Amino acid sequence: MVYFAPEAEPRYIEAGLEAGRMSYFAGRAAPMGAVSASVVTATFFNFNGELVASNIPKAWTLASPATLVTARFEIVDAALRRLLGDDGVASPEVAEAAGLARRAAEAAQPEGRPLAGGHMDLDWPDAPHLVLWHALSILREHRGDGHIALLVEADLSGLEALLTATATGTGFVPGFARASRGWSREQWDAGIAGLRERGLLDPAAELEPTAAGEKLRNRIEDDTDRLGGAPWTALGAEGTARLGELSAGLVRTALRAGAFPAEGVFAPASGR
């Protein structure tokens, strides 16, 4: 949600950053400290390294990671109050969800999880809606770090990972995926050609997976769930189900309030 929040860029600019992609890269990477462009490219994975390098490490000369962590929590606070309302963020449902999500997040371990590890070392906020946000950020990055390990094991580059996810309808629509991750048309087409040679994309279609491509992505997704399962095992089936129930209501409210773009960004939920 925070990456689409209109509150984000003005607050990051106020903190010292330049307009554009810098707020995304620096805001998300800040919990890891003033890391290099290569570290951000490694941990974010599907971005063109040249795009990353045009923003990092310059961002750290304009605003410290600690300043950006504070700004990000302020952005989340403002955005959630807009999406859920002041009564919503103060509701018993948010407080209960925050407690459950924190229990799950505190069971996550940092080994091999650099982005999650950075978030784990941040101080917990006091307000329940921010506790919920922080817990979900840890869990998101924990899952994502494991996902990247599996993409590397499958011998997929960042661009190839983005292409196969886009082709199988599990990510962004193609135009947004390419532009937002900084890949040129030539690089995008070369990536498609390489995946066709590997038998993962259909040579007779613009961006369609073969059976082998579908199988690979399904395996990666299943194994990502497996590698990310420890926090949910610790929370238990009853707690996990209850958090899902509570979160579903909050998500519906946020979606109705316009948390995400209505079209042109995400692939249809039903597939390609």
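Bear in mind these aren't lab numbers, they're just calculated from the coordinates by the rules spelled out. Remember, predicted model here, so these are calculated numbers, not experimental data. No Cβ is skipped: glycine too gets one built from the backbone with ideal geometry, and neighbour counts run over all protein chains shown.
Label positions at T253 and A190, each projected 7 Å from the Cα along the C-beta direction, are separated by 4.9 nm.
Shape analysis of region 48-87 yields a ratio of the Cα radius of gyration to the Kirkwood radius, Rg/Rh, of 1.20. Calculated over the chain, the projected area of the Cα convex hull averaged across directions stands at 13.9 nm².
Pair-distance distribution P(r) for region 80-213, from all Cα-Cα distances in 10 Å bins starting at 0: 11, 30, 24, 22, 12, 1 percent. Helices meeting the span-like rule in the chain (full DSSP H runs, Cα extent of at least 15 Å along the helix axis, mean Kyte-Doolittle score of 0.0 or higher): 65-89, 128-153, 230-256. Normalising the average separation of contacting C-alpha pairs (under 8 angstrom, six or more residues apart) by the number of residues puts the relative contact order of region 154-225 at 29 percent.
If the segment from R242 to N218 were pulled out straight at 0.36 nm per residue, it would be longer than the present Cα-Cα gap by 6.0 nm. Working from label points 7 Å from Cα in the Cα-to-Cβ sense, the A107 to E14 distance is 3.8 nm.
Computed FRET efficiency, Cβ-Cβ of A95 and T61, R0 45 Å: what is it to the nearest 0.05? Using R0 = 45 Å, I get an efficiency of 0.70. Kirkwood hydrodynamic radius computed over region 1-62 comes to 11.6 Å, based on all pairs of distinct alpha carbons.
Estimated at 0.36 nm per residue, the fully extended path between D121 and A262 surpasses their Cα-Cα distance by 47.3 nm.
At full extension, S36 and R140 could sit 35.3 nm farther apart than now, given 0.36 nm per residue minus the alpha carbon distance. Within the shell defined by Cβ-Cβ distances under 14 Å, the residues around G85 carry a net charge of 0, with Lys and Arg each +1 and Asp and Glu each -1. Taking 1.002 mPa s as the viscosity and 20 °C as the temperature, the Stokes-Einstein diffusion coefficient of region 129-272 based on its alpha-carbon Kirkwood radius rounds to 126 µm²/s. Peptides 55-67, 28-40, 196-208 ranked from most to least packed, by the mean per-residue count of other Cβ atoms within 10 Å: 28-40, 55-67, 196-208.
Rounded, prolate or oblate: pick one for region 154-225, where a ≥ b ≥ c are the square roots of the eigenvalues of its C-alpha gyration tensor, a/c under 1.5 means rounded, and failing that, prolate if a/b is larger than b/c, else oblate. Verdict is oblate for region 154-225.
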